[in-house]
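Working notes for the structure below.
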Amino acid sequence: MSGETFGHRREKRLPHAARIVYQGLEGAYSNLAAVQIFRDYEEASFSHVKSFDAAVRAVDEGTGDYAVIPIENSTAGSVADSYDALAKREVSVVGEYLLPVKHALLAAAGTELSEIRTVYSHPQGLKQCAQFFEEHPEIEAVAVSNTAVAAQLVQAMGKRDTAAIASAYAGQIYGLKVLIPALNYRAENTTRFLVIGKEKLYLEGAKTVSLMMETKHEAGALYHVLGALYGEGINLLRLAARPVPEISWAYRFFLDCAGSLEDVAVQRALREVERLSTNLRILGCF
């Protein structure tokens with residue numbers, strides 16, 4: 001790492017925001033987040049892919065300008081596939097967006113709740129509505145790749161014993177009836193999305209620095225890294241761990257810290273973290 005902001009430049013606005021990629025189908029929560037994030041960009045157009053990795057790969061390979069991917073939910077926790085996608089590609093986190101999530105139970109017109117025997121949704125959607133399945137043990141939860149995919153599947157099947165957990169917006173798109181408008185058991189359910197770009201840039205007012213690193217295989221290694229942040233008075237906002245596929249029982253850490261790459265204390269801390277860790281990468285400032 002070198003330079004005052006470690007190779008990242010400051011911008012007032014995201015440049016070249018014409019091709020926005022998200023995972024799923026129209027009506028997916030990632031679609032809703034993408035549309036809201038880029039609502040002031042007249043040039044923005046939206047396309048969908050099958051996986052979070054494909055969305056990040058599109059940015060890395062230049063077929064998309066930005067990708068919008070979920071990284072964690074306030075109820076269900078981290079989205080592991082998104083962390084793994086970030087680790088594989090030389091991309092940058094340039095923004096974040098908090099989307100309140102309101103899951104609805106959707107079914108074909110004329111369907112009653114008592115008829116439902118199978119409900120489809122993304123694994124996160126199923127997890128966030130776990131209480132519903134506890135209250136209805138006769139209903140089977142089946143995971144699919146996306147909430148909008150679930151809605152599309154129920155529409156295509158046209159069966160009165162199937163339903164989907166997705167947004168009410170997805171229900172409108174796929175012509176489904178809302179059986180229960182708010183199924184998630186926590187009203188404050190929120191998903192945090194990241195905006196992924198190719199260039200190392202950050203917007204004015206950025207207040208979070210995101211890191212990815214591995215630690216040395218010795219006692220107290222992570223403790224000393226966290227101590228470097230503490231020593232500069234930097235607040236650790238999030239810490240997540242993912243296995244390193246190439247090395248058995250080795251882990252890669254993802255850290256979000258309060259501050260900006262322009263902050264002198266952050267710069268000092270990052271230099272110390274670089275000394276104490278291995279494979280350090282600044283994922284972004286947002």
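The values are calculated or read from the model by the stated rules, or taken from the named source; none is laboratory data. Model, not experiment: these values are computed from the prediction. Virtual Cβ from ideal backbone geometry, glycine too; neighbours counted across all protein chains shown. We work out accessible area using only protein heavy atoms, side chains counted, and drop any ligands, DNA or RNA first. Shrake-Rupley method; radii C 1.70, N 1.55, O 1.52, S 1.80 Å.
Only protein heavy atoms count here; on that basis, with a 1.4 Å probe, K127 has an accessible area of about 120 Å². Toward the positive end of the charge dipole of the chain, with +1 on the Cβ of Lys and Arg and -1 on the Cβ of Asp and Glu, the farthest Cα among G95, A109, Y169 is that of G95. Simple rule: put +1 on each Lys or Arg Cβ and -1 on each Asp or Glu Cβ in region 1-160, find the dipole, and look at A76, V149, T118; the Cα lying farthest toward the positive end is V149. Residues I247, I139, I180, sorted by accessible area with the largest first, give I247, I180, I139 [1.4 Å probe; ligands and nucleic acids excluded].
Which trypsin sites (Lys or Arg not before Pro) from region 1-73 combine a DSSP loop assignment with at most 10 other Cβ atoms within 10 Å?
When the trypsin sites (Lys or Arg not before Pro) of region 1-73 are filtered for loop state and at most 10 Cβ neighbours within 10 Å, K12, R13, R39 remain.
By the Stokes-Einstein formula, at 0.692 mPa s and 37 °C, the chain with its Kirkwood radius over alpha-carbon pairs has D equal to 163 µm²/s.
Ligands, DNA and RNA excluded, the heavy atoms of E112 present near 100 Å² of accessible surface to a 1.4 Å solvent probe.
Per-residue ellipticity at 222 nm from helix content only, as computed over the chain with -39500 (n - 2.57) for each DSSP H run of at least four residues, stands at -8000 deg cm²/dmol. Contact order, relative form, for region 97-252: 29 percent (alpha carbon pairs under 8 Å, 6 or more residues apart, mean separation divided by residue count).
Normalising the average separation of contacting C-alpha pairs (under 8 angstrom, six or more residues apart) by the number of residues puts the relative contact order of the chain at 23 percent.
Once you reduce region 169-196 and region 232-286 to the center of their Cα atoms, the two points are 32 Å from each other. Solvent exposure of T5, expressed as accessible area, is near 20 Å², computed with a probe of 1.4 Å over the protein chains only. With all protein chains in place and ligands, DNA and RNA left out, the 1.4 Å accessible area ranks T147, T63 as T63, T147, largest first.
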